[in-house]
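Heads up, the thing below is written out as structure tokens.
Values quoted throughout were computed directly from the atomic coordinates according to the rules given, and no laboratory measurement underlies them. All of these numbers come straight from a predicted model, not from anything done at the bench. We place every Cβ from the backbone using ideal geometry, glycine too, and count neighbours over all the protein chains shown.
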Amino acid sequence: MDDALKKLMLSNSEISSIGIADLGCSSGPNSLLSVSNIIDTIHNLCPDLDRPDPELRISLNDLPSNDFNSIFASFPEFYDRLNKRDNNSKEGLGFGRGSCFVSAVPGSFYGRLFPRRSLHFVHSSSGLHWLAQVPCGEVEKEDGTSDFDNRGKIYISKTSPKCAHKAYALQFQTDFSVFLRSRSEELVPGGRMVLSFLGRNTADPTTEESCYQWELLAQALMSMANEGIIEEEKIDAFNAPYYAASSEELKMAIEKEGSFSIDRLEISPIDWEGGSISDESYDLVRSKPEAVASGRRVAKTIRAVVEPMLEPIFGQNVMDELFERYANIVGEYSYVSSPRYASVILSLVKMG
């Protein structure tokens, strides 16, 4: 992100007001972390570029259901931090209420959110692997039917029919194209986007890094269905609105939309707890207690994200049992394997 901001500042040396959007900001203690880092980077760049701090127009975006009030409640502390260099100095950062304007823009980023050419920098973290909707199954099978039978699964897997794989891939292409087209209208020429989200390193969408967390959650659900705690038909009817895209799929969508050039595209492994993985540490053997503890931490993180999707279907009363089983399954799997995600860092430049 620092490199993209530096290139933005170098190519817009005369600009005095910068429009910034953080898409999928969420809520909670880290909701302002990304914009704080962006502000700090811009402030630190200005002396090196021999220019005054610009005015910043910052927009925080998430779905209307997001708890924006909790973010607003943190604004006094946020602005106070902007006026202090660090705990040992009263030197101002150069940004206060008079030069840093923060607002909230509720709505899906799969569509227009901002006025035309009002933004210079767009950031999004952990959002673009979520689809605008579950694939609707409008992909014909060889026998001419369009329904895909994904029984016993909640995401695509090695046993899912090929039409299910295709439906998910098409949904991602549709959504990501809408995202790019919307941002191309909102960004100035030369504006930049830095996007981070989960993806995959291979063409196969059913590898561990892209789908196995869903596979294990489906196992937990099916174990409860086998005991009559939940209905198997409800599992069959649920599919996660998620897709881990490959680098080739990303490049194809970007080239087809035509408004952006790729400045950087990297895919790096991270473990299921979010830590980076080096080649030396990836296959490090864990003790059983370490694996069990890791399983519980992973289950807690996954629960925070997916419980709102599952609860309306399966009921609130089974959530504790479900994620207890899921934690145990993940712990067992972590003991015999070294599960990982693939994290995508994508830096784009608006052409024109």
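The phi torsions of region 162-173, fed into the Karplus equation with coefficients 6.51, -1.76 and 1.60 and a -60° offset, translate into couplings of 4, 5, 5, 4, 5, 4, 5, 4, 5, 5, 5, 4 Hz, rounded to whole numbers, with Gly and Pro shown as x.
Working note: Karplus 6.51/-1.76/1.60 with θ = phi - 60° gives region 8-14 the couplings 4, 5, 5, 8, 10, 5, 9 Hz, where Gly and Pro are set to x. Indicate the gyration tensor shape class of region 156-306 (rounded, prolate or oblate), computed on the Cα atoms with a ≥ b ≥ c the square roots of the eigenvalues: a/c under 1.5 is rounded; otherwise a/b larger than b/c is prolate and the rest oblate. Note, shape of region 156-306 comes out oblate. Positive end of the dipole of the chain (Cβ unit charges, origin at the Cα centre): among 131, 72, 31, the Cα lying farthest that way belongs to 72. Residues 136, 163, ranked from the fewest to the most other C-beta atoms within 10 Å, line up as 136, 163.
Using just the C-alpha positions of the chain as equal point scatterers, what log10 of I(q)/I(0) does the Debye formula give at each q in 0.07, 0.11, 0.12 1/Å? The computed values of log10 I(q)/I(0) come out as -0.35, -0.84, -0.98. By the rule of a C-alpha distance below 28 Å, with chain neighbours fewer than 8 residues away ignored, the lysines paired with residue 153 are 141, 162, 166, 234, 288, 300.
Annotation for region 154-185 versus region 101-131: alpha-carbon center distance of 20 Å. Computed per residue of the chain from DSSP H runs no shorter than four, each worth -39500 (n - 2.57), the mean residue ellipticity at 222 nm is -13500 deg cm²/dmol. Label positions at residue 2 and residue 248, each projected 7 Å from the Cα along the C-beta direction, are separated by 3.5 nm. In straight-distance terms, cross-link reach from residue 350 covers every one of the aspartates and glutamates whose alpha-carbon lies under 16 Å from its own, apart from those fewer than eight places away in the same chain; here that gives 3, 185, 186, 255, 257, 263.
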